[in-house]
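Notes to accompany the following structure.
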Amino acid sequence: MIYSNRYSLVERGAVILVMVFTLLTIGIAVGLPFTPFAYGTEDLLSGFGFQIPAGALGIAIAMFGLTGVGANEIMAYTYWCAEKGYARWVGPPDGSDEWVRRANGWIKVMYKDAYLAWGVYTISTLAFFLMGAAVLHPQGLVPEGNEMI
């Protein structure tokens with residue numbers, strides 16, 4: 001892959017994997033009401049209550065931070081932007097109005113990309129939370145240590 005210099009293979013593969021993973025995750029979460037681990041509207045509404053056990057706020061914030069906004073993703077995104085040619089099409093900063101227009105156009109593309117990624121991460125994370133609550137809570141299971149793996 002590196003020898004052929006075909007980034008598009010990686011990009012297409014990653015897009016397909018993310019789409020399949022996201023759709024399967026959402027499909028499982030939506031399909032749980034038709035299983036022995038069914039949940040209802042009342043369960044969903046009670047789950048949106050802000051109830052964090054004493055001393056667990058730091059852990060809750062840390063877990064939220066693991067939803068795809070870490071340093072690795074930020075670092076990889078700059079390489080992705082370079083591979084996509086965002087800066088290449090803007091041209092050298094000559095201070096012209098045309099350059100500013102091109103730069104602002106690509107910045108808008110990056111904003112859309114960031115919002116789309118944020119949406120996918122949020123929906124996938126909510127689906128995982130829903131699956132965990134629907135399956136683990138009724139059984140009284142609280143994974144600890146490496147059990148979660």
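The values are calculated or read from the model by the stated rules, or taken from the named source; none is laboratory data. Keep in mind that what you see is a predicted model, and the values were worked out from it rather than measured. Quick reminder, even Gly has a Cβ in these numbers, built from the backbone with ideal geometry, and neighbours come from all protein chains shown. Areas reflect the complete protein model, heavy atoms only, side chains present, ligands, DNA and RNA absent. Shrake-Rupley method; radii C 1.70, N 1.55, O 1.52, S 1.80 Å.
Which of rounded, prolate or oblate describes segment 1-58 when judged by the alpha-carbon gyration tensor and an a/c cut-off of 1.5? It comes out oblate by the Cα gyration axes. Can you tell which of Asp113, Asp97, Asp43 shows the greatest fluctuation in a Gaussian network model of the chain with Cα springs below 10 Å? Between Asp113, Asp97, Asp43, it is Asp97 that shows the largest mean-square fluctuation.
Accessible surface of Phe129, taken over heavy atoms with a 1.4 Å probe and every protein chain present, rounds to 120 Å². Membrane-span-like helices of the chain, defined as complete DSSP H segments with a Cα extent of 18 Å or more along the helix axis and a mean Kyte hydropathy of at least -0.5, are identified as 7-31, 71-84, 97-139.
A Gaussian network model of the chain, with springs between Cα atoms under 10 Å, assigns the largest mean-square fluctuation among Met75, Met131, Met110 to Met75. This model, with +1 at the C-beta of Lys and Arg and -1 at the C-beta of Asp and Glu, gives the chain a dipole about its Cα centre of some 520 debye. In the assembled protein chains, Thr35 presents an accessible area of approximately 50 Å² (probe radius 1.4 Å). Each of (i) -0.47, -0.91, -1.30; (ii) -0.26, -0.66, -1.28; (iii) -0.58, -0.93, -1.17 is a candidate for log10 I(q)/I(0) by the Debye sum over Cα atoms at q = 0.09, 0.14, 0.19 Å⁻¹; the one calculated from this structure is (i). Could you list the GluC sites (Glu not before Pro) in segment 91-149 that lie in coil according to DSSP, counting only those with at most 13 other Cβ atoms within 10 Å of their Cβ? Qualifying residues, ordered by number: Glu144.
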